[in-house]
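Reading through the structure tokens given below for one structure.
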Amino acid sequence: MVRARPTIPSKGMPPPVNGLHHITAIAGDPQENLDFYAGVLGMRLVKRSVNQDDPSTYHLFYADAVGHPGADLTFFPWTMAAPPRMGHGLAVEVSLEIPRDSVGFWSARLERYGVVHDSDVRFGERAITLHDPHGMAVALVEPSVMPARAFTPWDAGPVGAAQQIRGLHGARVWQREAAPSIDFLTRVMGLELLAAEGEWQRFGARGGAGTIDVRETPNERRGAWGIGAVHHLAWRVDDDIHQQAVRTAVVESGARPTGVIDRFWFRSVYFREPGGVLFELATDGPGFTVDEDTGHLGESLVLPPFLESMRPTIEQQLPTLVMPGVSGVR
């Protein structure tokens, strides 16, 4: 493994993003998804909402106790979707940060629940690799250097505070040609090359949590979404001003971002980077407590204001979800 020297931003470059904000993936049955992420992995369901573009589908958000930016792994349970076609232009794995010296705990817990898993070492970091119930590749990673991140343990969760998942560690992507994407990550997004190992190069934000590993795969087919695939990677920006500055740089790079979309817990801009991976710029605020008390996050269906008039119809379409017990199973 080769660790890269930090790069110094050039004058005129936009302010860099602050690491990952959230990752959104496509799931199958929502109850199976809830049982695994809240029950087995012990993450808190901090928001139970719907896909705002497809309100017949849940949008489930898992994070630490309060849903800090950088902690959220979210899912669209599209039960009728086909399996994905894994290939270039997709994120092919999500990694979650676990505390130091907790690999043994997590290996035993996964064994207890019958989750097939393996061990690995990447960039000098110990990892447990597995697939979730719908086939998404997941890694639990002990960082070699603990990143600066806000974290609030979920005291009522099935995993003790000392072993709880801290948040997003990163994602791995395949690219047909790595160079255009790497140029975009460093020049437009302001990420730095942190290290290189074999066919992988790792990029991250200075001082921020959440990395992206890039591998060039010229012989792979073009990837396509499906159940068990990552839908998009969202990057943190401080506020509207920061978001607009990065969006301007995205436009100047030749990409075609959306306008700002109010997601009510954060504001979003979407675009595809040169290799085709869908990116988002998401503001840190207002946050998940803007419409729910911290003590009751995720307990009931929350809808954005423009969908409230449709609540009876939406609730009739959505399946009932049962929260896992303290033991992690229903």
Taking VAL230, is it under 22 Å from SER95 (Cα atoms), within 22 Å of the chain's Cα centre (by Cα), surrounded by 17 or more Cβ atoms within 10 Å (Cβ to Cβ) and in contact (Cβ under 8 Å) with a residue 12 or more places away in the chain? yes
Determine the pairs where a residue that is at pLDDT 95 or above, located within segment 97-113, has a partner that is crowded, with 21+ Cβ neighbours inside 10 Å and among the basic types (Lys, Arg) with Cβ atoms under 9 Å apart, the partner being 6 or more residues away or on another chain. GLU97/ARG166; ILE98/ARG166; PRO99/ARG166
Of all residues in segment 29-56 being part of a strand (DSSP E or B) and free of Cβ contacts under 8 Å to residues at least 60 places away in the same chain, the one that is nearest to HIS232 (Cα to Cα): ASN51
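When the residues of segment 285-301 are filtered to those that are among the β-branched types (Val, Ile, Thr) and under 15 Å from PHE264 (Cα atoms), which remaining residue is most open to solvent (accessible area, probe 1.4 Å)? Reasoning before the result, please.
Here is the first cut: in segment 285-301, the residues among the β-branched types (Val, Ile, Thr) are 289-290, 294.
Going one step further and asking which of them are under 15 Å from PHE264 (Cα atoms), we end up with 289-290.
On the way: THR289: 68, VAL290: 88 Å².
Filtering first and then ranking leaves VAL290.
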Which members of segment 94-119 meet the condition of being open to solvent by 30 Å² or more (accessible area, probe 1.4 Å) and either among the acidic types (Asp, Glu) or assigned to a strand (DSSP E or B) (or both)? ASP101, GLU111, HIS117, ASP118, SER119
So which of ASN33, ASN51 is modelled with pLDDT of 95 or more, of a type outside the set (Val, Ile, Thr), crowded, with 22+ Cβ neighbours inside 10 Å and in contact with a strand residue (DSSP E or B) (Cβ under 8 Å, 6 or more places away or on another chain)? ASN33
Which fully enclosed strands (runs of 3 or more DSSP E) of segment 203-316 have 1 or more residues being under 28 Å from VAL66 (Cβ atoms), touching a strand residue (DSSP E or B) at 6+ places or on another chain (Cβ under 7 Å) and among the polar types (S, T, N, Q)? 211-216, 267-272, 278-283
Going through ASP239, ASP213 one at a time, which residue ends up being of a type in the set (Asp, Glu) and open to solvent by less than 50 Å² (accessible area, probe 1.4 Å)? ASP213
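Does ALA91 fit the bill of being open to solvent by less than 20 Å² (accessible area, probe 1.4 Å) and either part of a helix (DSSP H, G or I) or more than 23 Å from THR57 (Cβ to Cβ) (or both)?
Numbers: open to solvent by less than 20 Å² (accessible area, probe 1.4 Å): yes; either part of a helix (DSSP H, G or I) or more than 23 Å from THR57 (Cβ to Cβ) (or both): no.
Taking the combined requirement at face value, the residue does not satisfy it.
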Anything in segment 242-275 that is among the aromatic types (Phe, Trp, Tyr) and surrounded by fewer than 21 Cβ atoms within 10 Å (Cβ to Cβ)? List them, or say none. PHE264, TYR270, PHE271
What about PHE123, is it buried (at least 16 other Cβ atoms within 10 Å of the Cβ), among the aromatic types (Phe, Trp, Tyr) and within 18 Å of the chain's Cα centre (by Cα)? no
I need the full set of residues from segment 145-170 which are small (Gly, Ala, Ser) and either open to solvent by 50 Å² or more (accessible area, probe 1.4 Å) or in contact with a Ser or Thr (Cβ under 7 Å, 6 or more places away or on another chain) (or both), in order please. ALA148, ALA150, ALA156, ALA162, GLY170
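The values are calculated or read from the model by the stated rules, or taken from the named source; none is laboratory data. For clarity, every value in this text was computed on a predicted model and none was experimentally measured. Cβ sites come from the backbone with ideal geometry, for glycine too, and all protein chains shown count toward neighbours. Heavy atoms of the whole protein, side chains included, go into the accessibility calculation; ligands, DNA and RNA do not. Shrake-Rupley method; radii C 1.70, N 1.55, O 1.52, S 1.80 Å.
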